[in-house]
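The values are calculated or read from the model by the stated rules, or taken from the named source; none is laboratory data. It should be emphasised that the depicted structure is a prediction, and the values quoted were computed from it without experimental measurement. Note that we place each Cβ from the backbone using ideal geometry, even for glycine, and neighbour counts take in every protein chain shown.
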Amino acid sequence: MKGIVGLFLVLAVMVIVPAVEYAFAAGDEPGEYLDRRVVIWNLFFRMMTIAFVVGAVVSGTMIWQVWRFRESHPKAKPTPYEGTDW
């Protein structure tokens, strides 16, 4: 549980810090502007990078679980609900 909370905390920091940075990026001098298209695309690519990493971790975890708990695993033992008829 601590790992999940830590993961979400890291992901939240990775999203919030750039957003706050862009909010305060505009200078006080007139004529200093941000190109919104560039900022939006940058945030999009950062979020997509995070999404791909999270997706890869979830997919890897699912593949590991399927491989570990398959029926033909050498250490697989039937549960009391399955019976011992095999």
**Complete:** All-but-one check, Ile4 against (1) assigned to a helix (DSSP H, G or I); (2) modelled with pLDDT under 80; (3) surrounded by fewer than 10 Cβ atoms within 10 Å (Cβ to Cβ), failing number (2)
**Prompt:** When residues of the range 62-81 are filtered for being surrounded by 10 or more Cβ atoms within 10 Å (Cβ to Cβ) and among the β-branched types (Val, Ile, Thr), how many remain?
**Reply:** 1
